[in-house]
Amino acid sequence: LTVWERYRRLERPVAVFEKAHTWLLANRPPPGARTLVHGALRVGNVIVGPDGLAAVIDWELVRIGGQLEDLAWLCLKAWRIGEAPEVGGLGSIDELVAAYEAAGGPPVDRHALHWWLVLKTLVWGVGCMVRADVHLSGRVRSVELAVVGRRAAEQECDRGELLAPDA
């Protein structure tokens, strides 16, 4: 199932999710290069040692996908605390893009990166809703599912900020 199909099966429409979906359909950038995607690249899935990056862990979501997916996932507001820097709380998107390009990555289309960020924020929001549904339905009673599930509301706010940053 696609993320949108999973969302629809929950039968609990959320206005910001609906608006984000409409915006994503209307603003989809041209398909870029396809590449190996980690699928959950964030600070919690890397191990850094004294010499720099030592390992990237949790590869269960690896697949071929859009070249900007992992960069966008790393920039989700959910992975930082408060107003910490945009990229996992560590730096700015400008710094990320500059480092990515300096390391040999292709030039980053900022519109496409923003589009992926909106999509990945929607994906995480739906993921939170699904976890809440599993817990609330009684299929699996879990404090972890309940805690992550309540974060769907945060994703509503984050998507709203992405779609109307000056509002």
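The values are calculated or read from the model by the stated rules, or taken from the named source; none is laboratory data. Since the model is a prediction, treat every value here as computed from it, not as a measurement. Using ideal geometry, Cβ is built from the backbone for each residue, glycine included, and neighbour counts are taken over all protein chains shown. Ligands, DNA and RNA are stripped out before the accessible areas are found, and what is left, the full protein with its side chains, is counted by its heavy atoms. Shrake-Rupley method; radii C 1.70, N 1.55, O 1.52, S 1.80 Å.
Residues in the range 21-45 that are among the charged types (D, E, K, R) and part of a loop (DSSP other than H, G, I, E, B) were compared, and the one that is least open to solvent (accessible area, probe 1.4 Å) is Arg42. Of all residues in the range 53-71, those that are of a type in the set (A, V, I, L, M) have Cβ atoms under 6 Å from Cβ atoms of residues that are surrounded by fewer than 13 Cβ atoms within 10 Å (Cβ to Cβ), 6 or more apart or on another chain, in Ala54/Ile47; Ala55/Ile47; Ile64/Arg34.
Taking the range 53-70 as the range and being touching a helix residue (DSSP H, G or I) at 6+ places or on another chain (Cβ under 8 Å) and either basic (Lys, Arg) or on the phi > 0 side of the Ramachandran plot (or both) as the test, only Asp58 passes. If I filter the range 110-123 for residues that are small (Gly, Ala, Ser) and under 17 Å from the mean Cα position of the chain (by Cα), do I get at least one hit? The answer is yes, given that some residue of the range 110-123 is small (Gly, Ala, Ser) and under 17 Å from the mean Cα position of the chain (by Cα). Within the range 98-126, being out of contact with any helix residue (DSSP H, G or I) (no Cβ under 8 Å at 6 or more places or on another chain) and crowded, with 19+ Cβ neighbours inside 10 Å holds for one residue alone: Ala112. Assess whether Cys157 counts as being surrounded by 19 or more Cβ atoms within 10 Å (Cβ to Cβ), in a helix (DSSP H, G or I) and within 18 Å of the chain's Cα centre (by Cα). The answer is no for Cys157. Looking at the range 144-153, can you tell me whether even one residue there is touching a residue at least 60 places away in the same chain (Cβ under 8 Å), surrounded by 12 or more Cβ atoms within 10 Å (Cβ to Cβ) and among the hydrophobic types (A, V, I, L, M, F, W, C)? Looking through the range 144-153, at least one residue is touching a residue at least 60 places away in the same chain (Cβ under 8 Å), surrounded by 12 or more Cβ atoms within 10 Å (Cβ to Cβ) and among the hydrophobic types (A, V, I, L, M, F, W, C).
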